[in-house]
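Below is one structure, written out as structure tokens; comments come after it.
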Amino acid sequence: KKVFDMISRGENTGVFQADSNFAARVLTSVKPQNINELADCVSLGRPDAIAFLDPYVKAKFDNEMPEEIHPDLTKILSRTYGCLIYQEQLMNIFKVFAGFSDGEADKVRKIVGKKKLEDLPAQLDKFERQALRRGYTQEVIDILKEFINNNVSYSFNMAHAVAYAITTYKSA
């Protein structure tokens, strides 16, 4: 508790992945209280992901959750307060809604991770076809596709984030 309280106050000098004003802003906003939230801070503390900081904080502290698109999506994003910040969450969206295999979902993860977003529309077309076959409505699919497009400019690998969070915690 003392470590989380310390970094939540912005006392981050010399702390791995937290030794900057930028990181202090994230940490003092989120006030992480466990390794998962610290991993979220590591992920949110990336330049492209900072757009998710305010929605995350509002959901965590003010219970201002994003509007529910579908209960299946809510389950996937519940740990991150409705924010799509991990590549694994993106993979789960493709698996749950469109029945993508692990390998197919990993292909989407690689497209996003390597910032080859020009290859994403073909995967979204496949996502749409398969989600329709699985019984999701066109309206839900269209909203999901827009949500994915608006949220994949940056997502972080969860395993890396957790490893960094553990190292950050030990460093603090």
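Quick notes on this one:
- Within straight-line reach of Lys31, meaning a Cα separation under 20 Å, sit the following aspartates and glutamates at least 8 residues removed in sequence or on another chain: Asp5, Glu11, Asp19, Asp40, Asp54, Asp62, Glu64.
- For the chain, a Gaussian network of Cα nodes joined below 10 Å ranks Leu90, Leu117, Leu27 by mean-square fluctuation, and the top entry is Leu117.
- Amide H contacts under 5 Å for Tyr86, placed H, 5+ residues apart: Phe156
- You can think of it this way: the chain between Arg129 and Asp106 has 6.4 nm of extra reach, that is 0.36 nm per residue less the Cα-Cα gap.
- Residue-normalised accessible area of segment 34-151, expressed per residue, 1.4 Å probe, Å²: 50 Å²
- Debye, to nearest 20: dipole size of the chain, +1 on Lys, Arg Cβ, -1 on Asp, Glu Cβ: 520 debye
- Candidates Gly103, Gly45, Gly82: whichever shows maximal mean-square fluctuation once the chain is modelled as a Gaussian network with Cα springs under 10 Å: Gly103
- Each of Asp142 and Lys95 was given a label point 7 Å from its Cα along the Cα-to-Cβ line. The distance between the two points is 3.0 nm.
- Ignoring lysines fewer than eight residues from Lys116 along the same chain, the ones with Cα atoms less than 29 angstrom from its Cα are Lys75, Lys95, Lys107, Lys126, Lys145.
- Estimated dipole of segment 1-71 in Debye, rounded to 20 [Cβ of Lys and Arg +1, of Asp and Glu -1, Cα centre]: 340 debye
- Computing Rg and Dmax of the Cα atoms in Å for the structure here picks out one of (1) 16.8, 53; (2) 15.7, 48; (3) 19.5, 61, namely (1).
- Gained length - Asp72 relative to Ser153, 0.36 nm times residue gap less alpha-carbon distance: 27.0 nm
- Gaussian network model of the chain, Cα within-10 Å springs - most flexible of Leu84, Leu132, Leu53: Leu132
- Options Tyr56, Leu90, Leu73, ranked by Cα towards positive dipole end of segment 40-98, top entry (Cβ charges): Leu90
The values are calculated or read from the model by the stated rules, or taken from the named source; none is laboratory data. As the structure is a computational prediction, the values presented were derived from the model and not from experiment. Positions of Cβ are generated from backbone atoms using ideal geometry, with glycine treated the same way; all protein chains shown enter the neighbour counts. Ligands, DNA and RNA are stripped out before the accessible areas are found, and what is left, the full protein with its side chains, is counted by its heavy atoms. Shrake-Rupley method; radii C 1.70, N 1.55, O 1.52, S 1.80 Å.
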